[in-house]
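Undergrad: Let me give you the structure first, and then I'll get to my questions.
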Amino acid sequence: MAIIERPGAATTPVVVTPTQALGAVKRPVETKGWKEWLFTVDHKKIGIMYGVVALFFFIVGGVEALLIRLQLAAPNGTILSADQYNQMFTMHATTMVFLFAMPMAGAFANYFLPLQIGARDVAFPRLNALSLWLLVVGGIVLNASWFLGGAADGGWFMYAPNSGPVFSPSHGVDFWVLGLQVAGVASLIGSINLIVTVLNMRAPGMSMMKMPVFTWMILVVQFLLVFSLPVITVALVLLMLQRSYGATFFDVSQGADPLLWQHLFWIFGHPEVYVLVLPAFGIISEVLPTFSRKPLFGYPFVVFSGASIGLVGFGVWAHHMFAAGLGPVSVAVFSIATMAIAIPTGVKIFNWLLTMWGGKIWYTTAMKFAIGLVMLFTVGGLSGVTHAIAPSDTQQTDTYYIVAHFHYVLFGGMVFGLFSGFYYWWPKVFGKMLNEKMGSWNFWLMVIGMNLTFGPMHILGLQGQPRRMYIWTEARAGEGFFNLGFWNLVSSIGSFILAVGVLIFLINVVYTARKGKQAPLDPWDARTLEWLATSPPKPHNFDRIPVVHHLDEFFHRKYVEDAATHTMKKVAEGEDLVRAEEEAAEKDIHLPSPSYWPIVLATGVGVLGMGVVYGVPIMVVGAAIVLFASYGWVLEPSVAETIDFEPPSADGSTKEIAPLG
Amino acid sequence: MSETTEHHDHGMSDAGYIKIALILAAITALEVSTYYVDFGPLFMPSLMIMMVVKFVMVVSYFMHLKFDSKIFSFLFYTGLALALFVYFAALATFKFFIA
Amino acid sequence: MADTALHAADHASDHGHHSSTGLSNNKLAMWLFLGSECLLFGGLISTYMLYRGRVSDGPHPSQIYDIPFTSVSSFVLLMSSLTMVLAVTSAQRHDDRRTNLWLTVTAVLGATFVGGQVYEFTTFIREGLGFTTSLFGSSFYTLTGFHGVHVSVGVIFLLSTMGIIKKNKITGNKAEVVELVGLYWHFVDIVWIIIFTLVYLIPA
C-alpha cells in the first residue's frame, strides 16, 4: 500500500497495526487489489461499483427484452413458451427498474453528489458500502430464481392474488419478494445517507439555492424513496407472509380485497417512476447549460418544479388503477391530480429549451443525448397526459399504448439522461474521453432504434394488442397491411437496432480503456464544483475544501465579468485553479477507513432471506451473521485509530493510507 | 467552523418529565374508562383526541422535538403527513369512512 | 466549571465535525428513519383497519380482546418512555451509573411489555384465533407482531448500549447514543398509543 504524505512532511516510515473489533477481528487497512474494492467506504469506488453492477443488469434486462421482441416478431412465435414469456417480461421490468435504473442513478449520485457540494465523502461511508452490497445480494437473490425453479412470472407489479401461492406455486415470486425487500432496504439506507449528506456536508457558503440542480434532483429523489419504500415493504411483507406462512391477506375466499395490493404497490410505484426520471433530469440540467455556454434558465423554477413533482407524485397513484373498479369519485380525483402533475414537468421542459435558446450550442455526444431526452420525454409525457384522462385511459390501459408511454419516458427520458451523463462525466471519473465518433453512432442508432421499437407500440395499443400477450396469430392480427403483424415486426427490428447502439457504447468503453485520449481536467469548460478536482479525483477529493460564493461556483472562478463590455472573460483555466488548490492544501485530512462489516452484514441478510424459502436453520445462520456483523460494526470507530496509521511525523502533519496508482 | 450546537440546557427538568408522564397516565386512564363508561356520541371524537394529544406530547416533550431545530420536525412530520394522506385516501376508496 | 470542561471534551471527541445545519448527522438520520417508519406502520394499521371485521372463521375482535390486561400493558410501555427520558438526561449529565440504572428499568419494562404480548398471543391462539384463521387474525398478529419485534429490538439496543457504556467502548458521543436509542424507543411507544386506541379501544 502507498502512504501519501501531506505536503511539507518529512518521509518517515510507517508501521501499520490494525486495531481489533470484538477482540478477534482486525479491521482491514489493505488498500490494494480486490480488497481495495470489497472493503472500501470511498464514495467514488462505491459509485463505480454501482455503475458496473447496473451496466451488467442493463445488459441482462436488455437480453430479456430482445427475447420478448424475438417472440413477437412473427406470428405463432416459438422462441418462448407462455410460461417463459411471463417470466421474461416480469424479470425484464424488475431488472431494469430495480437493478439497472436505480443503481445507475445511485452510481452517479454516489460519485458526484459529494463532489458537487464540496465534500470529501457522504455522511455515513460504511452505510454507503452496505447499500451497495445489499443491492448486489438482492440482485443475486432475485436472479437465483432462474436457476432454482423458475423466475417470478406475475408482472413487475405482481398483482395479488395472482401472485399468491395458489396461482404462482413456484418459488419465483418468493425470490422476487425477498430480492426486492433486500434491495429496498439498500435504497432506504442510501436515501437517509444522501439526505443527511446534502443537509450537513455542504462546503462553506453553499446555501441550498447554490447547489447544482443534479444535487437538488437527487435530494428530491431521496425524499421520495425514504417515504415510499416502506409502503412497498408492507406489500412485500404481506405477500411473503401469505406465500410462506399461510396468512390470508390476499385470499379472496376469506374476504380479502385484491385492491389492497394494488394500492400498496402503486403508492410506492408512482413515486418510483419519479425516482427513475429525476436523476436524468438532474444530469441534463448540468449538461444543457455547459454545452449551450449559458447558465440554466430559471434555476429556482427548475428546483421548485422538481420538489413539486416529488410532492404531488405521492398523490396520483391510483391512475394506475382506473380500470380496477374504484368508482367514479376516486377516479375523478386521481384523474385531476394526474393532470396537475404535468405542469411542473412542463415547466422544466421550457426551462431547458430556454437554456438552449440564444446559446452557442456545442454538439457533443453528451449534448445530443440531453437534447434527445428533452424531445423524447416530451413525446412520452404527451401520451401520459392522454392517460390522465380517465375515459381515454380505459381504452388504453393494459394495451401496448401504455408500454409505448412508459418506454418513451423511461428509455427516451431516463436512459438518454444516463447516457448523457456517461459521456459528460467519463473524463472526470476515468481520466479519459469516450470517443466522440463512436458516441455519435451510439446516439443515432439508439434514437432510431428506440423510436422504431416504441413508436409503433402507440399504434399497436390503439389497434387493440393487450400487454403481456405471449403470441399473436395472423388470423387475429387485423386487416390490411399495417396491422398488428406489421408493427410488431417493425418494433422487433427496432429493438435490434437499439441493441447495436448499446453495443457500440460498450465497445466505446473498452476502446477508451485501452486507447482512449487522456482527458484534460476541464474538457467541457464546465460550471460546477466536481470539475475542481483532478481527473480522476484524489481520494480526498479536494486538497482544500472550497469556499462557495456563487451558484455555478467553478464557472465563476474561471470567468469574471468585464466591467467595460459586460461579458464574461476567462481569467483562469481549470488546471490553474486545481494547481492553486494543491499549493494551499490542508495538512490534516482524515478519511473514513475501510471495513469488513458492510459486506459481511449484507451477506448475512442474503442468507436470512434465503432461509424464508429454504427453512429456519438457514434463517438462524443468517441472523447470527447479521448480529455478529452488527456488533462488530458498532464497536468499530468510523475512522481507524490514529495508531493504525502512524507514528506522527516530524512536523506534526498526518499521513493517511491511500491506494496505489 | 461551527461545531454541532445541540443545547440540552433548555427543555425540561426531570420533575417536568415526570409531570408529563403523570398527565399521559391520566389520559390513558380516561381512554380506558371508555371501555367501562358509555360516552355516547362523544366516544369516537374523545378517543381520537386523546390519542392525538398523547402522541403529540410524547413527540414534543419526551422526544424533545418542541425544543430542537425545526428541521427535525420537518423531517418527521412530513413522513407522518404523507402517511396520513395516502392511507386515508386509500381507505376512502374502500368506502371505509362511509357508515 | 467541570460541566463545561466535560462538555467541551465531548465535542472534541466529535473530531470537531462541523455541519452545515449545526445539527448532528446521526440525529438527522434517526428522525428521517422514524419519518419513514410512519409509512410502514401506517400501512400495517390500514390493513388491519380494513380487515378487522372480516372473520370467516374463529373469534371476532369483540370476543377476544382483554381490555383490562392490554391497558396494564400499555401503561407499562408508557412508563418506560418516562424512564427512557430519565436515562437520556442522566447521560447528558455524564452520570454513567444513573444512566445504566434507568436504561435497565426501561429494558425491564419493555421486556415486560413483550412478555405481555407473548401471553396475549398464546391466549388468543388457545381461544381459536390463529395467524391463518381469518383476515382479522392475519392482520392482528402482523401489526402487533411487527410492533412487538420493534420493542424487542429496542430492548436489545438498550442492553447493548448499557454493555458498551460499561466497557467504555462508545465510539461516538455517549449522550447522543443514549438520546438516539431514546428516540427509537419513544417512537415504538407512540405507535402503540395509536394501536391501543384503534385496535383495542374502538370496537370493530
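Derivation of every value follows stated rules applied to the coordinates shown; laboratory data play no part. Every value quoted in this text rests on a predicted model; they were computed, and no experiment measured them. Because the Cβ atoms are built from the backbone with ideal geometry, glycine has one as well, and the counts that use them run over all protein chains shown.
Undergrad: Pop the C-beta distance of A:Phe147 and A:Ala74 into the FRET formula with R0 = 25 Å and round what comes out to the nearest 0.05.
TA: Efficiency, rounded to the nearest 0.05: 0.30.
Undergrad: Here is a further query. For A:Thr399, what residues show an amide H to amide H distance below 5 Å, using hydrogens built from the backbone and excluding near sequence neighbours?
TA: Placed amide hydrogens put A:Arg467 under 5 Å from A:Thr399.
Undergrad: While we're here: With everything on Cα atoms, drop me the angle between helix A:299-312 and the longest principal axis of chain A, reported from 0 to 90° to the nearest 10.
TA: 50 degrees
Undergrad: What number, in nm² with one decimal, is the all-direction average of the projected area of the convex hull of the alpha-carbon atoms of region A:484-616?
TA: Mean projected area of the Cα convex hull: 18.5 nm².
Undergrad: Over 19 Å between Cα atoms: which of B:Lys19/C:Lys166; A:Lys348/A:Lys570; A:Lys45/A:Lys432; A:Lys437/A:Lys515 fall into that group?
TA: Long pairs (Cα-Cα over 19 Å): B:Lys19/C:Lys166; A:Lys348/A:Lys570.
Undergrad: Before anything else, pin down the relative contact order of chain A: Cα pairs under 8 Å, at least 6 apart, normalised by residue count, whole percent.
TA: Averaging sequence separation for qualifying contacts and normalising by length gives 21 percent for chain A.
Undergrad: So which trypsin sites (Lys or Arg not before Pro) in region C:113-204 end up in coil per DSSP with only 11 or fewer other C-beta atoms within 10 Å?
TA: C:Lys167
Undergrad: Past the 18 angstrom mark, what percentage of all C-alpha to C-alpha distances in region A:231-389 do you count?
TA: Result for the distance tail: 65 percent.
Undergrad: Here is a further query. Expressed in nm to one decimal, what extension gain is obtained for the pair A:Trp444 and A:Ala572 from 0.36 nm per residue of sequence separation less their Cα-Cα distance?
TA: Extra length available between A:Trp444 and A:Ala572 comes to 42.5 nm.
Undergrad: Continuing with the same structure: Given bins 5 angstrom wide, list per bin the percent of all Cα-Cα distances in region A:448-544, short to long.
TA: 2, 11, 13, 12, 10, 8, 7, 7, 7, 8, 7, 4, 2, 0, 0
Undergrad: Taking only Cα atoms, what is the 0 to 90° angle, nearest 10, from helix A:82-94's long axis to the longest principal axis of chain A?
TA: 30 degrees
Undergrad: What does the extension gain come out to for A:Gln395 and A:Ser207, with contour length at 0.36 nm per residue minus their alpha carbon separation?
TA: Difference between extended and current length: 62.9 nm.
Undergrad: I've got another one for you. Per residue, how big is the convex hull around the C-alpha atoms of region C:2-201? Give it to me in cubic angstrom, could you?
TA: 116 Å³
Undergrad: Quick one: Kirkwood hydrodynamic radius for region A:179-319, alpha-carbon pairs, angstrom, one decimal?
TA: Across region A:179-319, the inverse of the average 1/r is 17.0 Å.
Undergrad: Helix A:172-200 sits at what angle to the longest principal axis of chain A, using alpha carbons and giving 0 to 90 degrees rounded to 10?
TA: On a 0 to 90 degree scale, this one is about 40.
Undergrad: Enumerate by residue number the chymotrypsin sites (Phe, Trp or Tyr not before Pro) in region C:65-100 meeting two conditions: DSSP loop (anything except H, G, I, E, B), and at most 14 other Cβ atoms within 10 Å of the site's Cβ.
TA: none
Undergrad: Then there's this: Going out from 0 in 10 Å bins, what whole percent of all Cα-Cα distances in region A:157-253 drops into each bin?
TA: In order of increasing distance, the bins hold 14, 35, 21, 16, 10, 3, 0 percent.
Undergrad: Now for a different question. With a length cut of 30 Å (Cα positions projected on each helix's long axis) and a Kyte-Doolittle mean of at least 1.0, go through chain C and give me the DSSP H helices that pass.
TA: C:67-92, C:135-166, C:174-195
Undergrad: Taking only the C-alpha atoms, wrap a convex hull around region C:84-204 and report its volume per residue in Å³ as a whole number.
TA: 102 Å³
Undergrad: Sticking with this one: Quick check on the protein assembly as shown: what are the equivalent-ellipsoid semi-axes from the Cα gyration tensor, as sqrt(5λ), descending, whole Å?
TA: The answer is 43, 40, 26 Å, longest axis first.
Undergrad: Next up: FRET efficiency for C:Tyr119 and B:Ala92, Cβ-Cβ distance as r, R0 = 35 Å, nearest 0.05?
TA: Efficiency, from the Cβ-Cβ distance: 0.45.
Undergrad: Kirkwood Rh over alpha-carbon pairs of region A:346-408, then Stokes-Einstein at 37 °C and 0.692 mPa s: what D in µm² s⁻¹, rounded to an integer?
TA: In µm²/s, the coefficient is 247.
Undergrad: Can you give the Kirkwood hydrodynamic radius for region C:20-107, in Å, rounded to one decimal and based on Cα pairs?
TA: 16.9 Å
Undergrad: Rounded to a whole number of µm²/s, how large is the Stokes-Einstein D of region A:17-145 at 25 °C and 0.890 mPa s, given Rh as the Kirkwood radius over C-alpha pairs?
TA: Estimated diffusion coefficient is 145 µm²/s.
Undergrad: Ok, one more. Taking other Cβ within 10 Å of each residue's Cβ, how do A:Leu66, A:Leu127, B:Leu75 sort, fewest first?
TA: Starting with the residue having the fewest Cβ neighbours, the order is A:Leu66, A:Leu127, B:Leu75.
Undergrad: Can you give me the long-range amide H partners of A:Ala247? Hydrogens built in the peptide plane at 1.01 Å from N, cutoff under 5 Å, separation of 5 or more residues or another chain.
TA: Residues meeting the criterion, in which the H sits 1.01 Å from N, are A:Gln242.
Undergrad: Okay, next question. Just grab the label-to-label distance for A:Ala342 and A:Ser253, each label 7 Å out from Cα along the Cβ direction, in nm (one decimal).
TA: 4.6 nm
Undergrad: Let me ask another. Provide A:Asp121, B:Asp38 in ascending order of the number of other Cβ atoms located within 10 Å of each residue's Cβ, fewest first.
TA: Least to most surrounded, the residues fall as B:Asp38, A:Asp121.
Undergrad: Oh, and also: For the pair C:Lys169/A:His549, report the inter-label distance in nm, with labels modelled 7 Å from Cα in the Cβ direction.
TA: 5.1 nm
Undergrad: Would you kindly state how much longer the chain becomes between A:Lys35 and A:Arg476 on full extension, computed as 0.36 nm times their sequence separation minus their alpha carbon distance, in nm to one decimal?
TA: 153.0 nm
Undergrad: While we're here: What number, rounded to the nearest 500 deg cm²/dmol, is the helix-based mean residue ellipticity at 222 nm of chain A, given -39500 (n - 2.57) per DSSP H run of at least four residues and division by all its residues?
TA: Only helices count here, giving -20500 deg cm²/dmol.
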